Amino acid sequence: MNILDVLFPRRCPLCDEVIAPDRELCPGCTGKVELVKEPVCKQCGKPMENDRKEYCGDCGRKKHSFDVGKAVFVYQGALQRSLYRFKYANRREYAAFYGKAAYEQYGRWISMLGIEAIIPVPLHRKRRRERGYNQAELFAEEIGRRTGIPVEKKLLIRCINTRPQKELDDRERKKNLKKAFIFAQNIVQLRKVLLVDDIYTTGSTVDAAAECLKKSGIQKVYVLCISIGRGH
């Protein structure tokens, strides 16, 4: 056994219990997460019960700035708790599990789109300093490593330290994010990018980021998140 496996044992990304070095999940957690599967909303990627509907209730009511969104897991149960630890309890290693699942599910889709760069939704410098890392950036790096697509971490800047979105309703979310992002000067002209984040709720965050990217001259902004709620 590797000495690092003794000093820093692998943990199950769903329950956080110690697991064998060759395991991805502990036996008790196998089957505890639900992958997003068709039918899904054609805009944001939320799983839908009615396969005759093209768009979820949210996307049927409003126009988004991003082109098409996808998500890996349904936001519920063990995955919900896993993401909380990933985001707030320094469980950075979970990114490998999320990135592998994202690549297995959407690697071909990403390749077919002709994505030129992966851009993580940035944290404000104050929040990043407090947390020590940006969870979206870790997820982006895992996807970039598997696809060979460069991850651009300095193109998009969060210039306003906004209130946490989970505390706000839909109207407040949109107002909260107004002018929250700026695009750093870039001599490379990108046409198609993949914007990544951890959780998709109403789309307000990725909308604000995508709007900023498109104003900079990027033509297509696709979105990939670790998890998403159900549509209706």
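When 111, 227, 216 are compared by accessible area at a 1.4 angstrom probe, the order from most to least is 111, 216, 227. Over the chain, dividing the summed -39,500 (n - 2.57) contributions of all DSSP H runs of at least 4 residues by the number of residues returns a 222 nm mean residue ellipticity of -10500 deg cm²/dmol.
Solvent-accessible area per residue in the range 1-128 equals 57 Å², computed with a 1.4 angstrom probe and all protein chains kept.
Sorting 73-83, 23-33 by average packing, meaning the other beta carbons within 10 Å per residue, from highest down gives 73-83, 23-33.
Could you work out the relative contact order of the chain, using alpha carbon pairs under 8 angstrom and six or more residues apart, expressed as a whole percent? Display every interim value, and only then the final one.
Details: 406 pairs, mean separation 55.6, N = 232.
RCO, the chain: 24 percent.
In whole percent, and with a 1.4 Å probe on the protein chains, what portion of the accessible area of the chain is carbon and sulfur? Please list the in-between numbers first.
Details: 6220 of 12680 Å².
After summing per-atom areas, the C and S share lands at 49 percent.
Which of the listed residues, 117, 56, 216, is farthest toward the dipole's positive end in the chain, when Lys, Arg count +1 and Asp, Glu count -1 at the beta-carbon? After comparing all options, I get 216.
Cross-linked pairs 87/220; 63/179; 126/192; 63/214; 192/214; 70/220: Cα-Cα separations exceed 20 Å for 87/220; 126/192. Annotation: aspartates and glutamates with alpha-carbon distance below 13 angstrom to residue 215 (same-chain offsets under eight excluded): 207.
The values are calculated or read from the model by the stated rules, or taken from the named source; none is laboratory data. Quick caveat, the model's predicted, so the values are computed rather than measured. So basically every Cβ, Gly included, is an ideal-geometry build from the backbone, and we count neighbours across all protein chains shown. Surface accessibility is based on the protein's heavy atoms, side chains included, excluding ligands, DNA and RNA. Shrake-Rupley method; radii C 1.70, N 1.55, O 1.52, S 1.80 Å.
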